[in-house]
Amino acid sequence: MTVVDVALSELSTGDAIGNHARHLRTLLEDMGARVRFVVERSNVPDQKVVKLSRWDHPGDLVILQHGIGSAVAQAIIDRRIPCVVNYHNVTPVEFVEAWDPTHTVGLFWGRVQTAHLAPLARRGIADSAYNAGDLDAVGFRDVRVAPVLWNGDLPSVNPESTAAPDPAAPLILFVGRLAPNKCQHDLIAAMSVLLQTVPTARLALVGGVSSEQYQRSLVALAKRLGVSERVEFVGRTSDAELADWYRRASVFACLSEHEGFCVPLVEAMSFGVPVVGYRAAAVGETIADAGIVLSDKSPDVVASALARVMTDEQTRAAMVVAGHRRAREYSLDASLAVMRRSLHDLLG
């Protein structure tokens, strides 16, 4: 039996890479492999976890989940272990260095490690064509594109919930860490314009805090623009709570400047929420023709797009249908099939 080590810095719940790794384990086991997680640290009990400090004998195949600089990636580099690099993108340093210099160390390290992994890589697997470009640029020879194995099993029904869009108070939703590259400040700026034509609109920002300094700046910006009462900083949520936010949303807006895939876009489309995104990094690729993709995210342009979705029923209905179709293309079954094809020959 082939032993596969899935290596990642941390195994935790509510994390896109952690969820992806668990779905990957299920796939590999279905393909006949015995799977171990190799981690620096783990926040969940799992008897198949091997701590990096005790990783003496790598498996027949090592698959590294790479999204930031890590000791587990460095161990692979230092020990010259052939591996598959499953690349989730390392955020470029320039997006965060002005806000939180302490966070740049892991990002810079991750970018350097990506280049050092190239000669060891039996294959690169990228979440998107955008991510594949990063691997091509540093010399990966064999790169396949396989989407994130996203947590498509968000609760479809919460018995205690009566969540639904409120036409009288339309909700703009964004899900993602409060981080400079996510550009929540652009959403707040757009709200200051949108409220002039849709005065009952609300903005909900769901997600943990990556940069406390950036969070403080967002709160200050909302206050300065006079929209504090229409912007809610929700923080982290459970899966059930997140599903309720999607059900309440009138439109999902993503003005991020750096996303390697952006799972929340697909989650929103799967819940029938129309999506508006800014054409940067992988955002346009993920949305494709299933939403409104903007090349300009000035407040007037964004507010106009959001207002159209919220007030034009014909446009909204067409976007819901297109979004459902696009989400099916990224369904767990469809993405598992792509990942299976990407790994089949390496498992013999």
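The values are calculated or read from the model by the stated rules, or taken from the named source; none is laboratory data. Computed from a predicted structure; not experimentally measured. Positions of Cβ are backbone-derived with ideal geometry, glycine not excepted, and every protein chain shown enters the neighbour counts. To get the accessible areas, we keep the full protein, side chains included, count just its heavy atoms, and leave off ligands, DNA and RNA. Shrake-Rupley method; radii C 1.70, N 1.55, O 1.52, S 1.80 Å.
Taken one residue at a time, the phi angles of the range 102-107 give Karplus couplings (6.51, -1.76, 1.60, θ = phi - 60°) of 5, 7, 6, 4, x, 6 Hz. Gly and Pro are set to x. Over the range 30-82, what relative contact order in percent results from Cα pairs under 8 Å that are six or more residues apart? Worked out over the range 30-82, it gives 30 percent. Amide H contacts under 5 Å for ILE63: ASP5, VAL6, ALA7, VAL84, restricted to partners 5 or more places along the chain or on a different chain, H placed in the peptide plane at 1.01 Å from N. Only helical runs count toward this figure. For the chain, summing -39,500 (n - 2.57) over DSSP H runs of n ≥ 4 and dividing by all residues gives -12000 deg cm²/dmol at 222 nm. Multiplying the residue separation of GLN314 and ARG236 by 0.36 nm and subtracting their alpha-carbon distance yields 24.7 nm.
Placing R0 at 35 angstrom, the Cβ-Cβ distance between ARG141 and LYS48 gives a FRET efficiency of 0.70 after rounding to 0.05. Segment ALA169..HIS185, full-extension length gain: 3.6 nm, with 0.36 nm per residue of separation and the alpha-carbon distance subtracted. Residues whose amide H falls under 5 Å from that of ALA126, counting only those 5 or more places apart or on a different chain, are TYR87, ARG144, VAL145, ALA146, with hydrogens built in the peptide plane.
Close amide-amide hydrogen proximity is noted between VAL275 and PHE252, ILE292, each under 5 Å apart and 5 or more residues distant or on a separate chain (H modeled in the peptide plane; Pro and chain starts excluded). Among the listed values [x] 1.02; [y] 1.06; [z] 0.98, the one computed from these coordinates for Rg/Rh (Cα atoms, Kirkwood Rh) is [z].
For the pair the range 235-273 and the range 7-71, the centres of their Cα atoms are 26 angstrom apart. FRET efficiency for the ARG341 to THR2 pair, using the beta carbon distance and R₀ = 25 Å, is estimated at 0.90.
Of all accessible surface on the chain at a 1.4 Å probe, what whole percent is carbon and sulfur? Show your work: numbers first, answer last.
On the way: 7570 of 15000 Å².
Looking at the chain in its full context, I get 50 percent from C and S.
Couplings for the range 281-294, taken from phi via the Karplus curve 6.51 cos²θ - 1.76 cosθ + 1.60 with θ = phi - 60°, read 6, 9, 4, x, 5, 5, 6, 6, 9, 9, x, 9, 10, 9 Hz in order; Gly and Pro are left as x.
Computed from Cα positions, the angle between helix 332-343 and the longest principal axis of the chain comes to roughly 30 degrees.
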